[in-house]
Amino acid sequence: MIYFFSCIAVALCLIMVLPLYRCLFGPTVLDRLVGVNAIGSKTVVLLLLIGYLYGRVDMFVDIALAYAFLNFVAVLAASRYFHKRKGLYEESFME
Amino acid sequence: MHILINIAAIFFLAMGLIFFLGGAVGIIRMPDFYSRLHPAGKLDTLGIFAMVLGLVIYNLHHFSIEVLLLSIKMFLIVFFVFLASPTATHSIVDAGMRAGLRPWTRKTKKE
Amino acid sequence: MKENRSEKQGTWSRKKSGSALFSFCITFVFMFVTWIILSGKFDPLLLGLGIFSSAIVAWFFHDLLFAGATMEQAGVFVRFCRYMPWLVMEIIKANFHMLYLVFHPRMRQLIDPHIIQFQTGLKSDIAITTLANAITLTPGTVTITATSEGGFRVHSIDRKSAEGLPGVMRDRVAHVYGENR
């Protein structure tokens with residue numbers, strides 16, 4: 001079962017590559033923000049799985065909870081920051 | 001009994017993995033930023049729910065009061081994500097709207 | 001403007017002082033349960049520290065989380081707990097539709113993003129917030145703006161998920177908060 005957990009963790013890491021593409025080459029800033037949010041929500045589960053692998057779930061669940069809070073606050077603050085910037089997004093129309 | 005627990009845990013973990021994969025592929029494939037939010041915000045939420053459910057079912061192997069508290073803590077994460085994910089999605093959409101980003105519409109409909 | 005606001009706050013706190021003890025108790029119990037879940041130890045020292053700190057937090061912030069809570073609003077809580085499983089079922093059903101859309105090879109012919117507007121007629125802020133969150137959590141639709149008069153603008157990804165929108169979900173939320181028309 002622990003072997004299965006490590007397989008799931010590796011698969012999650014592979015899935016994270018796809019939003020990373022969106023982070024690197026996203027046409028707008030908000031696209032990158034969406035990618036960061038998706039990576040963060042996968043990281044929460046990854047932390048829980050790492051806790052199972054090390055046999056210390058009681059410690060890693062706190063880290064996962066804190067990471068979920070941090071991810072939420074980061075996305076909220078960044079999207080508030082990009083509120084007022086008009087005209088940043090002209091390049092985004094991919095016809 | 002142990003085999004049943006293992007099968008249920010594997011089932012839910014695999015389902016969560018499929019949801020996560022769907023969200024990631026949706027982020028890549030969708031045409032514009034508004035429609036990208038649909039898979040990103042929601043499939044990830046359900047993915048976290050399914051995976052944590054699988055882990056909690058795996059916890060049932062050795063039941064004690066500490067493991068119960070651990071499972072409640074895990075569901076606290078899920079509850080928080082269910083509250084936070086719509087807020088984050090709405091905040092990003094709001095930023096896009098105020099920046100004047102027009103949504104992608106289908107070309108064939110517009111003639 | 002400033003005087004107006006301060007006067008409004010004054011009437012607020014005066015109106016709430018009757019149920020301040022009740023909301024203090026609710027906040028204290030909530031904080032203490034959270035403390036127990038997050039700490040997970042049952043030493044007398046840690047429990048005493050938990051009682052102390054949650055009493056302080058409840059003393060300062062009793063008008064923040066459960067402001068003006070009364071005994072009659074327990075019905076709202078019960079109905080909210082009954083509404084929750086229905087919402088989760090709805091989310092799961094709609095998620096499979098979303099999965100089908102994402103993995104479909106000719107996705108760009110299937111989706112049809114557009115923005116719809118409708119009026120719900122909900123009054124209280126918390127009902128509008130709950131409805132906005134529920135709409136956003138259901139895949140296929142994202143709330144863009146929700147005004148305090150109950151007007152909604154929703155970005156929807158295809159016609160199928162948009163057509164049933166202000167119907168059943170609005171009625172459910174209105175039933176939870178007792179706002180039937």
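None of the figures in this text is laboratory data; all of them are computed from the coordinates on show. Here the structure is a predicted model, which is why all the values come from computation and not from measurement. Positions of Cβ are generated from backbone atoms using ideal geometry, with glycine treated the same way; all protein chains shown enter the neighbour counts.
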Would you mind checking the radius of gyration and Dmax of region C:74-176 based on alpha-carbon positions, in Å? 14.4, 49
Quote the charge dipole size of chain A about the Cα centre in Debye, to the nearest 20; the model charges only the Cβ of Lys and Arg (+1) and of Asp and Glu (-1). 220 debye
Gyration tensor on Cα atoms of the protein assembly as shown, a ≥ b ≥ c root eigenvalues, a/c under 1.5 rounded, else prolate if a/b beats b/c, else oblate, says oblate
Return the distance in nm (one decimal) between the two label points of a simple spin-label model at residue C:42 and residue A:24, each offset 7 Å from Cα along Cα→Cβ. 5.2 nm
Among C:84, C:119, C:39 the positive-end extreme of the charge dipole of the protein assembly as shown (Cβ point charges): C:119
Using a Förster radius of 45 Å, what is the FRET efficiency between residue C:30 and residue B:105 based on their Cβ-Cβ separation? Nearest 0.05, please. 0.45
Which residue fluctuates most in the GNM of chain B (Cα springs below 10 Å): B:69, B:55, B:46? B:69
Taking 56 Å as R0, compute the FRET efficiency from the Cβ-Cβ separation of residue B:18 and residue C:21 and round it to 0.05. 0.65
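Treating the beta-carbon of each Lys and Arg as +1 and of each Asp and Glu as -1, no other charges, what is the dipole magnitude of the protein assembly as shown about its Cα centre, to the nearest 20 debye?
On the way: 37 positive and 24 negative charges, 185 e Å.
The calculated dipole for the protein assembly as shown is roughly 880 debye.
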Exposed loop sites here are trypsin sites (Lys or Arg not before Pro) in DSSP loop states with at most 16 other C-beta atoms within 10 Å. What is the longest stretch of chain A lacking them? A:1-55
Here the FRET efficiency for residue C:55 versus residue C:86, based on Cβ atoms and R0 = 56 Å and rounded to 0.05, is 0.95
Given the rule -39500 (n - 2.57) for each run of at least 4 DSSP H residues, summed and divided by the residues of the protein assembly as shown, what is its mean residue ellipticity at 222 nm, to the nearest 500 deg cm²/dmol? -23500 deg cm²/dmol
Treating region B:2-98 as a set of equal point scatterers at the Cα positions, no solvent, please give the Debye-formula log₁₀ I(q)/I(0) at q = 0.11, 0.12, 0.16 Å⁻¹. -0.41, -0.48, -0.73
Amide H proximity to residue A:26 below 5 Å, modelled H, separation 5+ or other chain, gives none
Can you compute the charge dipole magnitude of region B:2-98 about its Cα centre, using +1 on each Lys and Arg Cβ and -1 on each Asp and Glu Cβ, nothing else charged? Give it in debye, rounded to the nearest 20. 140 debye
